[in-house]
1. Please give me the summed charge of the neighbours of Gly212: other residues whose Cβ is under 15 Å from its Cβ, Lys and Arg +1, Asp and Glu -1.
2. Please go through segment 332-437 and write out the trypsin sites (Lys or Arg not before Pro) that DSSP classes as loop and that have at most 11 other C-beta atoms within 10 Å.
3. For segment 312-442, list log₁₀ I(q)/I(0) at each q in 0.13, 0.18, 0.19, 0.21 Å⁻¹, using the Debye formula over Cα point scatterers of equal strength and ignoring solvent, two decimals each.
4. Using amide H atoms built 1.01 Å from N in the peptide plane, name the residues 5+ places from Leu216, or on other chains, whose amide H lies under 5 Å from its own.
5. How are the alpha carbon pair distances in segment 148-303 distributed across 10 Å bins from zero to the largest one, expressed in percent?
6. Nearest 5 is fine: what % of DSSP beta bridges in segment 148-303 come out antiparallel, could you say?
7. Which whole-Hz couplings ³J(HN,Hα) result when phi for each residue of segment 207-213 is put into the Karplus expression 6.51 cos²θ - 1.76 cosθ + 1.60, θ = phi - 60°, listed in order with x for Gly and Pro?
Amino acid sequence: LTAKPGEQEEHFKSRTLEVEMKRKDGSTVWTETTVSFLRGQDGQPIGLLGISRDITERKKMEAERRVLEQRSHMMSRLASVGEMASGIAHEINNPLTSVIGFAQLLMQKDLPQDIREDIKIINEGARQVASVIKRLLTFARQYKPERWYVNINDIVAATLDLRAYEMETGNIKVINQLDPDLPGTIADGGQLQQVFLNIIMNAETEMKLAHGKGNLFIKTEAIDNTILISFKDDGPGIAKKNLERIFEPFFTTREVGKGTGLGLSVCHGIMTEHNGRIYAESKSGRGATFIVELPIVTKPEQLKLADPVADESKRVNGASILVVDDDLAILQFLSRALAEEGHQVETVGNAADALDRLKSTRYSLILLDIKLPEVSGIELYQRIQKIAKSLTRRVVFITGDVIGADTKDFLTRTKAPHITKPFDTEQLKRDINGMLTYGAAEFPPSEIFL
């Protein structure tokens, strides 16, 4: 004991430590151990006294609390992205609608081949932007998780589209084996996309770190009453000692700052909520395979209704259509596209002008933008109800935004159909003809024209 008196006193103070210990059976236990020095009559330490207590449950609760806090933070960030996406969606989808629409109208004309090819490139580029916006809105949705009838193959394909550029530049080759007869199921498509995206990004990272390239094999199949989605990579694999821990909150094998260790934990939680499971199979140095198991759930009342098919021989001509939208380019596009079908089209840019027209003219169909200045499309719909309730059966809403919970409730309650910007010109014409043939109210109310 060569330390100075003050240093000795500090050195021999009691200590309380939290230690993770391993039992004989290989399991671990957290203990809180308080160590004190036993002193002789002269005050000098002559031994140690240690008292330990099991704090495993407390540590587990603390870990769960941290997971909840992290998940809340992640949801908050996701909501912020959703708000941003919602804000830009309307501003981007409106001009995209007119760009795509007019490009498709031009392609129907007798033009020189070189000009036609240029217009085709413009159309494809605009549709690609529209696809990006749609995927962003799907992934960063603002509403609470909702379960609908989904196609797992479509979700896998959409997720791969999100990473297409990164995988191409990272020399990652994707080999798909998607069962074309895979049954649908009731699930939260956005949450499943989050699971698939996390697995794919992890595989990308590990393969690129291992050898700067890689192969990712994705397979979907149905076994009994379960859908299996497997993701197999040729990366470095997962050590056996880590296989049981990779779904634990905050567990990560990466360097500090390279990962939170929450991704797979969140995926595990999502699959548990779906009464499914996620697990991994791997041998170190021989790649890893992540398997997602999802039960097949079908509830007839939630299935998407088939669109009525309009007989082309019953094509309607000369219908009187009112289009209400505050975007001049969209009014011009819809006016021209529907006029080419032989309809009489009138356009207005606000609710007040629409009401004036409705008081003096009878229309076969009313295309109404949900987002209008001063008086919204929904408010205008409610005013139309007071004028003539039967007239609302001819209303079809147009939207370029995220459909929030309130709007969705309104559309479900009123059974009002809606079309989503940007829309395909030929599909729009077929749908309008179908509504004029059968009546707008006979068409399914939810997202019938995408």
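What follows draws every value from the coordinates through simple rules; no lab data is involved. Because the structure is a prediction, the values reported are computed rather than measured. We place every Cβ from the backbone using ideal geometry, glycine too, and count neighbours over all the protein chains shown.
1. Neighbour charge sum, excluding Gly212 itself: -3.
2. Answer by residue number: Arg362.
3. -0.49, -0.99, -1.12, -1.41
4. Lys173, Val174, Ile175
5. 11, 41, 36, 11, 2
6. Numbers: 24 of 31 bridges.
Among the beta bridges of segment 148-303, antiparallel pairing accounts for roughly 75 percent.
7. Working through the residues one at a time gives 5, 5, 5, 6, 8, x, 6 Hz.
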